[in-house]
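A.B. asks: Quick one: the structure is below, and I'll ask about it shortly.
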Amino acid sequence: MTIQERKALILKSKVKGQVVQGKYVDLYPCTPEHGETIVRLRNQEKSRYHLNQKEASTIERQNAWYNDYALRDDDLYWCIYSKTGNIIGVIRLYHIKADGSAGNQGSFIIDEAYAMSGPYALETELLTLDFCFYTLQMEKVLNDNRVENKNMNSISRRIGFQFIEEFERDDANFNLYELTRAAYKRADLVNLMEKWGERA
């Protein structure tokens, strides 16, 4: 696949508003109309902690960010919808390389009110990683978790992410991980999701 073909895939995914559908959640491309909900999600206590967000988000900042985001072809941002039509979170793929070979997964939030009521985070991981490896044909994905976020660190390792290093960002410590397509334990992630789904 050429660089132009990869970039066309990324642009098509954003500009045409591709929806990624799952069993428990669907991912809809972020639009300006989602701004107030995104601000609310980002300002939740746990979200601010895990994102290391020092100041409260505002609709003005969100709108300014979106205006920049809309011009980029290396950045995809989805709102996570429950099957009942509620926005329960957000997730992003960004710093997608020009040749499409790699990118970062991040800005991941699940609403505190929904987090423990279903396998929403697990399926969101599944949908975005499938999108990276099978739609965009990436070779690897990077993500980082705060060192203290034991749950996400455990999930990352369990599905094949390899620890690269611990680093500091804005006075907080994070673990950096890398997942290659060959190391992606998709079946393990599906099993985790289905077991949680049976309990929910």
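A.B. asks: Using DSSP to call loops (not H, G, I, E or B), can you name the GluC sites (Glu not before Pro) in the stretch 46-120 whose Cβ has at most 10 other Cβ atoms within 10 angstrom? Show your work: numbers first, answer last.
C.D. replies: Values: sites: Glu55, Glu60, Glu112; in loops: Glu55, Glu112.
Qualifying residues, ordered by number: Glu55.
A.B. asks: While we're on this one: Using a simple spin-label model with points 7 Å from Cα along the Cα→Cβ vector, what separation in nm is obtained for Ala115 and Gln21?
C.D. replies: The two pseudo-label positions are separated by 3.0 nm.
A.B. asks: How large is the charge dipole for the chain, taken about the Cα centre, if only the Cβ atoms of Lys, Arg (+1) and Asp, Glu (-1) carry charge, to the nearest 20 debye? Before the final figure, lay out the partial values.
C.D. replies: Details: 27 positive and 29 negative charges, 95 e Å.
Computed about the Cα centre, the dipole is about 460 debye.
A.B. asks: Determine the gain in length on full extension of the stretch Glu168-Lys150; use 0.36 nm per residue of separation and subtract their C-alpha separation, reporting nm with one decimal. Write out the running numbers ahead of the final one.
C.D. replies: Working: separation 18, 0.36 × 18 = 6.48 nm, distance 1.69 nm.
Here the segment from Glu168 to Lys150 would lengthen by 4.8 nm.
A.B. asks: Binning at 5 Å from 0, report for the stretch 20-67 what percent of all alpha-carbon pair distances ends up in each bin.
C.D. replies: 5, 20, 23, 20, 19, 10, 3
A.B. asks: Also, I was wondering about something else. So, in Å, what gap is there between the alpha-carbon centers of the stretch 22-93 and the stretch 130-188?
C.D. replies: Computed from Cα coordinates, the inter-centre distance equals 20 Å.
A.B. asks: Among 41-51, 162-172, 127-137, how do they line up by average Cβ neighbours within 10 Å per residue, starting with the highest?
C.D. replies: Details: 41-51: 16.1, 162-172: 10.8, 127-137: 18.6.
Put in order of decreasing packing, that is 127-137, 41-51, 162-172.
A.B. asks: For Glu60 and Lys97, what is the calculated FRET efficiency with R₀ set at 35 Å and r taken between the beta-carbons, to the nearest 0.05? The partial results should precede the final answer.
C.D. replies: On the way: r = 31 Å, r/R0 = 0.89.
FRET efficiency, Glu60 to Lys97: 0.65.
A.B. asks: Moving on to the next point. Please tell me the relative contact order of the stretch 3-199 in percent, rounded to the nearest whole number, where contacts are Cα pairs under 8 Å and at least six residues apart. The partial results should precede the final answer.
C.D. replies: Working: 308 pairs, mean separation 36.2, N = 197.
The normalised contact order for the stretch 3-199 reaches 18 percent.
A.B. asks: Need one number: the % of Cα-Cα pairs in the chain sitting beyond the 30 Å mark.
C.D. replies: Values: 3097 of 19900 pairs.
Summing the P(r) of the chain above 30 Å gives 16 percent of all pairs.
A.B. asks: Determine the calculated [θ] at 222 nm for the chain from helices alone, applying -39500 (n - 2.57) to every DSSP H run no shorter than 4 residues and normalising by the residue count; nearest 500 deg cm²/dmol. Show your work: numbers first, answer last.
C.D. replies: Values: 7 runs with 73 residues, N = 200.
That comes out to -11000 deg cm²/dmol.
A.B. asks: Taking θ as phi - 60°, what are the ³J(HN,Hα) couplings along the stretch 48-53 by the Karplus curve (6.51, -1.76, 1.60), each to the nearest whole Hz, with x for Gly and Pro?
C.D. replies: Running phi through 6.51 cos²θ - 1.76 cosθ + 1.60 with θ = phi - 60° gives 4, 5, 5, 7, 6, 8 Hz.
A.B. asks: Which residue, chosen from Ser107, Cys79, Gln137, occupies the Cα position most advanced towards the positive end of the dipole of the chain, where the dipole is computed from +1 (Lys, Arg) and -1 (Asp, Glu) charges on Cβ about the Cα centre?
C.D. replies: Comparing the listed Cα positions along the dipole, Gln137 ranks first.
A.B. asks: Please report His95, His34 as a ranked list, fewest other C-beta atoms within 10 angstrom at the top and most at the bottom. Walk me through the numbers on the way to the answer.
C.D. replies: Details: His95 14, His34 19.
Ranking His95, His34 by Cβ neighbours within 10 Å, fewest first, gives His95, His34.
A.B. asks: Taking the mean number of other Cβ atoms within 10 Å as a proxy for protection, how do you rank 99-109, 189-199, 143-153 from highest to lowest? Working shown, then result.
C.D. replies: Working: 99-109: 19.3, 189-199: 14.5, 143-153: 16.6.
Result, highest mean first: 99-109, 143-153, 189-199.
All of the numbers you see were taken from the coordinates with simple rules; none came from a lab. Being a predicted model, the structure only gives us computed values, none of them experimental. Here the Cβ is made from the backbone with ideal geometry for all residues, glycine too, and neighbour counts use every protein chain on show.
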